[in-house]
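Below is one structure. I have some questions about it.
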Amino acid sequence: MVLIEAVRGDITEQQVDAVVNAANSSLLGGGGVDGAIHRKGGPAILSECRDLRAAHYDKGLPTGKAVATTAGQLPARWVIHTVGPVWSATEDRSALLASCYRESLRVAAELGARTVAFPAISTGIFGWPIDDGARIAVETVRSVDPPLEYVRFVLFDDGALNAFAAALE
Ligand code: AR6
């Protein structure tokens with residue numbers, strides 16, 4: 001069984017094999033986690049994202065999917081970019097959010113990563129309520145039980161950390 005922990009911190013500072021980016025379909029950057037990863041990781045990440053767009057995703061990476069690039073100057077070896085769903089009060093998009101975690105774990109295992117760090121996907125600019133986002137994240141990682149040693153959820157504030165701690169209990 002994979003070890004799962006939740007910590008308060010910055011995703012760009014994690015010393016793990018792969019960090020997950022809360023990206024958008026363009027793969028060309030944005031705010032929040034995405035902005036921080038490209039800013040600190042440097043231009044090599046964007047360059048590989050452009051190549052992926054050109055080679056495989058001319059219309060963009062679909063919501064719920066994941067792809068890997070170098071982590072550039074980050075301490076990690078890879079960045080796994082996944083596109084979370086925008087929160088909707090009228091439509092249940094939970095399966096797409098679960099898919100982000102599942103697909104990212106699948107890509108991590110394919111790469112040979114042993115340790116992976118996730119942010120709370122969709123819970124910032126995309127507006128997903130943190131308690132529900134935490135529940136889906138933890139349930140999905142547990143149900144996949146990926147062939148990894150360690151999964152770390154990295155939360156930016158105490159509210160998010162508390163939500164993940166409750167989901168892990
Ligand atoms: N480390 C860890 N967590 C962070 C960091 C950080 N450096 N910065 C923010 N968070 P968001 P989303 C938290 O908005 O909701 C971008 O423009 C944040 O408090 O980064 O999936 C993309 O290009 C929140 O709890 O991602 C997309 O267009 C969580 O990380 C869009 O935002 C996710 O917030 C994706 O929105």
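The values are calculated or read from the model by the stated rules, or taken from the named source; none is laboratory data. Here the structure is a predicted model, which is why all the values come from computation and not from measurement. In case anyone asks, the SASA skips ligands and DNA or RNA and just uses the protein heavy atoms, side chains included. Shrake-Rupley method; radii C 1.70, N 1.55, O 1.52, S 1.80 Å.
Find the percent of Cα-Cα distances in the stretch 3-168 that exceed 23 Å, and round it to a whole number.
Looking at the stretch 3-168, the distances longer than 23 Å represent 30 percent of pairs.
Rounded to two decimals, what ratio of Rg to Rh does the stretch 1-99 give with C-alpha atoms and a Kirkwood Rh?
Ratio of gyration radius to Kirkwood radius: 0.98.
Tell me the relative contact order for the chain as a rounded percent, counting alpha carbon contacts under 8 Å between residues six or more apart.
31
Something else: Please report, largest first and rounded to whole Å, the three semi-axes of the ellipsoid equivalent to the stretch 69-155, where each semi-axis is the square root of five times an eigenvalue of the C-alpha gyration tensor.
23, 14, 11
Another question, if that's okay. Would you list the membrane-span-like helices of the chain, meaning whole DSSP H runs whose alpha-carbon atoms span at least 18 Å along their axis and whose mean Kyte-Doolittle value is at least 0.5?
Passing helices, by number: 94-111.
Nearest 5 is fine: what % of DSSP beta bridges in the chain come out antiparallel, could you say?
If I count the DSSP bridges inside the chain, around 20 percent turn out antiparallel.
While we're looking at this one, here's another question. So with the 1.4 Å probe, I'd like the accessible area per residue for the stretch 3-168, rounded to whole Å².
Computed with neighbouring chains in place, this is 45 Å² per residue.
Of ALA98, ALA109, ALA76, which has the largest mean-square fluctuation in a 10 Å C-alpha GNM of the chain?
ALA109
With n ≥ 4 as the cut-off for DSSP H runs, can you work out [θ] at 222 nm for the chain, using -39500 (n - 2.57) per run divided by the number of residues, rounded to the nearest 500?
Helix-only estimate at 222 nm: -13000 deg cm²/dmol.
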